[in-house]
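One structure is given here, and the rest of the page talks about it.
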Amino acid sequence: MEAVAVRPEVAGTLAAVDPEVETIIRAENRRQHNKIRLIPSENYASQAVLEASGSILTNKYSEGYAGARYYEGQREIDKIERLCVERAKEVFGAEHVNVQPYSGSPANQAVYVGLCAPGDTVMGLALAHGGHLTHGDRVSISGMHYKSVQYGVCRDSGEIDFDQVEALAKEHRPKLLFCGGTAYPRIVDFARFAEIGHSVGAIVIADIAHIAGLVAAGMHPSPVPHVDVVTTTTHKSLRGPRGGMILCRAQYADAIDKAVFPGLQGGPHNSTTAAIAVALKEATSEEFKLYAQQIVANAQTLAAALSVRGFALSSGGTDNHLILMDMTNKGITGYAMAKALDASGIVCNFNRVPFDPRPARKPSGIRIGTPAITSRGFGAEEMEQLAEWMDRVAQVRANKALELDDRKAEYAEITTEVRALCARFPAPGLLYDGGGKPL
Ligand code: DSN
């Protein structure tokens, strides 16, 4: 029998079909290996998560929920979604879980759509104090379509100003009270938020996107016993694919599910659902518990090493995976520090610090975190080395006597040292050749 001719662009690998895209992915693979990635919301997903994420489940449409879809052919997809939901319920102890939100912002938007109406009053931590755009910031739909009241942190401690939260809650009686954030280095007192919110009749929502992995591993207190709804992404400290979840009490299940579909979204991304299920399985392992412990240990070691070198840490340190610091006392902006670090092989993001007089595009601070570097095995020794490099970079950037070329030479020297360290720590999920070199 003659072989059936298969069109090469269908049968071929990515490299054969689209070398342009393949080349870019390879370059990003090398970047993720060669750089020290300190953006606290990023990580390295495991090979197993990546496999599920890139699977043929992406070929299927599945509007609706398991057992009640609008398309036929859902036998396997229903199994995947049910498995994912059951694992999420078990990991977080939740009554109901929706695993379909495309990411964290759509998850939060579904809470607004499901649990309040445009024009209602909502409360959240201000973006400039460590909250998220979707917690009521004026440039986000959450601040445009709802009457947003924003609370902040105390100027002296850098911790949530609960007197303000309480006073604003009593004055404005919000329908929704959000807690949690994206640049808050301390334990969030979910019980206190719940007490305040419930005393004024608010539905209380905890956004645990950043700390979901720490909560899963017991390294941060869980909001589930206290609040009504929990939202999260799945790709930060939880180390899954890019996705979102909503956990809620049974009484809100129907409203949340309807808000996600058909309120906001069409078909769920089934390959993502499968990959979330894999990440949740990984999160129950002993190895993951040790990983989460090491994330916090590394962040605290790094915070101490930076403090000793005179860096001004927001709230004085960290309880979690994240450090926020003001570069003003080092004579540079956070923007300048982030660019200088990047030129030295160390990747973070510039960030406003609480009460920052500078604008969001050129703020005073930087935000760093340890989930990704902990995934590749960095420990206490590497944290000391990292603080040393960061100090060198800050000094070089602040030294006005240095010519640009001298500055670049210093950054290049640090980059070489960074690469040498990274070579000793292959990262999960990246592509390497037989000799351990990134492809
Ligand atoms: N972009 C995420 C972060 O970096 O924290 C929040 O959406």
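Readers should treat all values here as calculations from the given coordinates under stated rules, not as data from a laboratory. No experiment lies behind these values; they were computed from the predicted model shown. All Cβ positions, glycine included, derive from the backbone under ideal geometry; neighbour counts span all protein chains shown.
Assorted remarks:
- Among residues of segment 286-308 that are of a type in the set (S, T, N, Q), those with a beta-carbon under 6 Å from a residue that is assigned to a helix (DSSP H, G or I) at least six positions away or on a different chain give the pairs GLN294/THR374; ASN298/THR374; ASN298/MET383; THR301/ALA380; THR301/MET383.
- Screening LEU404 against (1) loosely packed, with under 15 Cβ neighbours inside 10 Å; (2) touching a residue at least 60 places away in the same chain (Cβ under 8 Å) leaves a single unmet condition, (2).
- Taking the criterion of being touching an Asp or Glu at 6+ places or on another chain (Cβ under 8 Å) and within 16 Å of the ligand (Cβ to nearest atom), the residues of segment 135-163 that qualify are HIS135, GLY143.
- The residue of segment 172-209 that is surrounded by the fewest Cβ atoms within 10 Å (Cβ to Cβ), among those that are within 21 Å of VAL296 (Cβ to Cβ) and among the hydroxyl-bearing types (Ser, Thr, Tyr), is THR182.
- Search result, residues across segment 225-256 that are under 24 Å from GLU42 (Cα atoms) and in a loop (DSSP other than H, G, I, E, B): THR234, HIS235, LYS236, SER237, LEU238, ARG239, GLY240, PRO241, ARG242, GLY243
- Pairs with Cβ under 8 Å, 6+ apart, first in segment 38-50 and farther than 11 Å from PRO241 by Cβ, second small (Gly, Ala, Ser) and within 8 Å of the ligand (Cβ to nearest atom): SER41/ALA209
- Applying the set (1) within 16 Å of the ligand (Cβ to nearest atom); (2) in contact (Cβ under 8 Å) with a residue 40 or more places away in the chain to ILE414 leaves exactly one unmet item: (1).
- Being free of Cβ contacts under 8 Å to residues at least 12 places away in the same chain and away from the ligand (no atom under 16 Å from the Cβ) is a description that does not apply to ASP189.
- Counting only helices (runs of 4 or more DSSP H) that sit completely within segment 1-118, those holding 3 or more residues that are under 28 Å from the mean Cα position of the chain (by Cα) and surrounded by 12 or more Cβ atoms within 10 Å (Cβ to Cβ) correspond to 19-34, 47-53, 75-92, 104-115.
- ILE332, sole failed condition from (1) of a type in the set (A, V, I, L, M); (2) crowded, with 24+ Cβ neighbours inside 10 Å; (3) under 18 Å from ALA387 (Cβ atoms): (2)
- Helices (runs of 4 or more DSSP H) within segment 257-376 that include 3 or more residues of a type in the set (Ser, Thr, Tyr): 270-283, 286-308
- Which numbered condition VAL227 fails, given (1) away from the ligand (no atom under 16 Å from the Cβ); (2) crowded, with 24+ Cβ neighbours inside 10 Å; (3) under 30 Å from ALA312 (Cβ atoms): (3)
Okay, residues lined up against (1) within 15 Å of the ligand (Cβ to nearest atom); (2) among the polar types (S, T, N, Q); (3) in contact with a Leu (Cβ under 7 Å, 6 or more places away or on another chain):
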position	(1), (2), (3)
LEU177	no, no, no
HIS198	no, no, no
VAL204	no, no, yes
GLY218	no, no, no
THR234	yes, yes, no
ALA253	no, no, no
ALA259	no, no, no
